[in-house]
Structure formats: C-alpha cells, structure tokens
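The values are calculated or read from the model by the stated rules, or taken from the named source; none is laboratory data. Given the structure is predicted, the values throughout are model-derived calculations rather than measurements. Counting neighbours? That spans all protein chains shown, and the Cβs are built from the backbone with ideal geometry, glycine included. SASA here: full protein model, heavy atoms, side chains in, ligands and nucleic acids out. Shrake-Rupley method; radii C 1.70, N 1.55, O 1.52, S 1.80 Å.
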Amino acid sequence: MLSPDTFCTTLQQHGITQYYGVPDSLLKNLCSYIDNAFESDAHVITANEGNAVAMAMGHFLGSGKPAVVYMQNSGLGNVVNPLTSLADPEVYSIPMLLVIGWRGEPGVKDEPQHIKQGRISEQQLNVLDIPYIILDSTTSLEKNLKSLLQTMSKQSRPVAILVKSDTFKAIAKVSSKTPVYAMNREQALAVLLPQVPSEALIVSTTGKTSREVFEIRKAHGQKNTDFLTVGGMGHTLSIAMGVAKAKPQKPVVALDGDGSMLMHMGSLAIAGSSGLKNLIHVILNNACHDSVGGQPTVAGNIDIEQIALGCGYSAYKCYETRDALNEFWKDIESQLRETDGPMLLEVKINKGARTDLGRPTSTPIENKLAFMQHSVEY
Ligand SMILES: Cc1ncc(C[n+]2csc(CCOP(=O)(O)OP(=O)(O)O)c2C)c(N)n1
C-alpha cells in the first residue's frame, strides 16, 4: 500500500503543494493525511468539487503553479462545467491534478449509487479529454506520475489519477475532538424521528444519516417510507422542495447534513424564497463530513441562523440538548399554522457513528416506490 506521506512528498518534488477537494471514503487515508499535514494556506476543503476546480484554477492564475483537486468519482458531475468551460485547453488551458476515488469500480462490490458512476468514470475522463492513470497499491508511483505530470505541464491541461480502493495506507489516528454536545447524529435522529407524525414526508441526506434513519425505523418495527437520498450529495433540500410543492397539504421534512447543505447552498435561497409553508429543513450539524472520515466543514464557524433568515426562511431554531429536541415537533406544529415560508432547524451534534451501522436493505427503486405509495396514501 502507498503511504499518503510518500504520495504528497512525491507531488512536492514535482512542485505541487496546494490542495483543494471534497473528502471521499475511498480516499479517507489520503484526505485525513492532507488535513493533518497542511495548514489552511495549503489546503482547503471546499463546498463542492466544482468549487475545488475553480480554486485550483485561481491558484494557477495567482501563482503559476498547478494544484491538486481531490474528490470521489461522484464529484465528477460537479466538475464537468468548470473543467469543460474554463480549465480545458480550448478555453483557458489550466494545469491541475485531479485525484479521484474510484467507487463502484467494475468487478468490485459497492453500493447501488456507485455502480453506474464507477462503470462510466473512465469514459467520462475520456469524453472530457483528460489524460489519466490508474493507481492501486502496486503501481509504481514515480514512473507513472512523472509522465502524467509532464503531460499536465507541457500541454497545460488538467490530468487525473483514478485511485482504486485500498491504495493508501492508514495513518496514525489523530485524537478527535471531545464531544461538546449532548448527542451524536443517530442519538438525535432517535429523538427526532418518533415525533414526526406519520402523514409527514421525510427526505434524508446522503451518507450515514439515511443509513441511521433506516436502522431506527427497523428497530421500531416500522416500514421504511422515508426517501433515503443515497447519492446526489447536496440535493436533499431540493428534492424535499419539489415534494413540498407537489404535496402542499403535507409537512415535508428535509433531514440534511452540514456538508450536504454547504455543497449546494444556493438552494437555501430558493427554499427561503419559495413560500413553502409545509417545508421543514433540519440541518444535523456536526461540523464535519462524518460519513467519509470526519474531515471538517466550515459549518462550525458560520451563522446558520443569519443565513436562514437572510435567505427568507420564516423561522430558525437551534437545538443542542435532548430535552429541547424532545419538544421539536411541538415547536413546529405551532409554527406550521402561522408561518409564511419554510423553517430551518439546526441540531448541533457531535461527530461519530456506530462501527456496526448497517446499510439499507431495500433497493433505491423499492425505496422510491415505498415513499411514493406513502405520499399518495396520506
Ligand atoms: C458529489 C459528492 N461528493 C462527495 C461525496 C462523498 N460523500 C458522501 S457523504 C459525505 C459527507 C456528508 O457530510 P454531511 O452532509 O455533513 O453529513 P455527515 O456525514 O457529517 O452526517 C461525502 C463527502 C458524494 N457522495 N457526492
């Protein structure tokens, strides 16, 4: 296996010392290393992958040096526009090194949302005209990287490394922050979910939130009718908005993460301007990308109340304790009658999850049908 330290040192020898990206579970060891090894002047965890490509472009414009953009291959969708319309040799011709975690690699078992994305990743790079190499734990880094980086520099263009699973060695664990809030995400969900009346429609976000929602329903012997957004990180609120528009008489709850909220934060302005009285946007804020390794987001340092109210949400409330969260639906019910737009409820939680957390056993299509049956029934 490859040591993240060796990888970054090799890049440094080629003059690459700047990093932007969105963390990925397959690149967890590399992402954690980068986050621990570099200060904020050399590394930024961005809101989305397009944000990272554009910052890498700005880095080149400002310094004349290429940067690294790391991401999961699901982020390829978010980078198509800035790569094609900006960094491409036919436009501004900007060199950068994309490091892409290859979830759903053909022949390797993975979750449904990764299968097609994994199958088409190489084709996507080919269509985008991005030269790439495939890296696994046996690849000779120096030899392969050298010619890739020569192409990047000589042709002044983005190039990519498609990284297979189990390529990077684990790094020594850096002790994580001591818990400061009363609950972690699953504990908060266990308090929150039973209060939501059965006619309400729930859309939960990508990653461990949806897995925990599924587990909690199972533990209570309830049929899962919540929409578990397995992919499309950042779009939970928008899906919930669409549902809320289609079902104006039903309360619709978007269970969001802070990383997910940040990824497509523009949708908060659309929600705030929507006048949707039946939309309840819950942000489970652990200030990190807990589902892929706990790398920090900026959500611990921004004022979500001001964002919500500034975007036009009708109300904001923050929950930190179990007792307060026990009153969650009571708070909403009284507001639902009077409100003139969506509410945003922030739940401040600790990072961390169970190590034995399961995954939904229903397929995405089964989940969609169960959700739709429920939404039509009520
Ligand atoms: C476009 C895209 N980029 C990256 C990922 C990988 N990913 C899955 S969940 C997740 C973290 C989500 O963080 P947050 O919304 O804060 O929820 P938490 O895991 O902390 O509960 C990431 C980065 C993805 N699924 N899709």
Can you check what the net charge comes to around HIS14, using other residues whose Cβ is under 15 Å from the Cβ of HIS14 (Lys, Arg +1; Asp, Glu -1)? +3
In nm, to one decimal, how far is the ASP356 label point from the ALA170 one, both placed 7 Å along Cα→Cβ? 1.9
Report the full-extension gain for the segment ALA219 to VAL80: residue separation times 0.36 nm, less the Cα-Cα distance, to one decimal in nm. 45.9 nm
Counting every C-alpha pair in the chain, the percent lying more than 28 Å apart is 47
Of the candidates SER156, SER291, SER362, which one comes out as most mobile in a Gaussian network treatment of the chain with C-alpha springs shorter than 10 Å? SER362
The answer for the longest stretch of the chain without any exposed GluC sites (Glu not before Pro) (DSSP loop, at most 10 further Cβ atoms within 10 Å) is 91-378
Once neighbouring chains are kept in place and the probe is 1.4 Å, which whole percent of the accessible area of region 222-378 is contributed by carbon and sulfur? 53
Counting Lys and Arg as +1 and Asp and Glu as -1, each charge on the Cβ, what is the dipole of the chain about the Cα centre in debye, to the nearest 20? 580
Rounded to 0.05, the calculated FRET efficiency for the beta carbons of LEU369 and THR9 at R₀ = 30 Å is 0.05
Taking a ≥ b ≥ c as the square roots of the Cα gyration tensor eigenvalues, with a/c under 1.5 meaning rounded and otherwise prolate when a/b beats b/c or oblate if not, region 185-377 comes out rounded
Most fluctuating of THR138, THR297, THR84 in the GNM of the chain (C-alpha, under 10 Å) is THR138
Tell me the net charge near ALA87. Cut-off is 15 Å between Cβ atoms, ALA87 excluded, with +1 for each Lys or Arg and -1 for each Asp or Glu. -2
Given a Förster distance of 35 Å, report the FRET efficiency between GLU39 and ALA324 from their Cβ-Cβ distance, rounded to the nearest 0.05. 0.45
Average projected area of the Cα convex hull of region 4-163, in nm²? 8.6
State, to one decimal in nm, how far the label point of ASP129 lies from the label point of ASN301, with both points 7 Å from Cα in the Cβ direction. 3.9
If each residue of separation counts as 0.36 nm, what is the full-extension length gain between LYS245 and GLU142 once their alpha-carbon separation is subtracted? 31.7 nm
Rolling a 1.4 Å sphere over the protein heavy atoms, what is the accessible area per residue of the chain, to the nearest Å²? 44
Within a Cβ distance under 10 Å of GLU186, other residues only, what is the Lys/Arg minus Asp/Glu net charge? +2
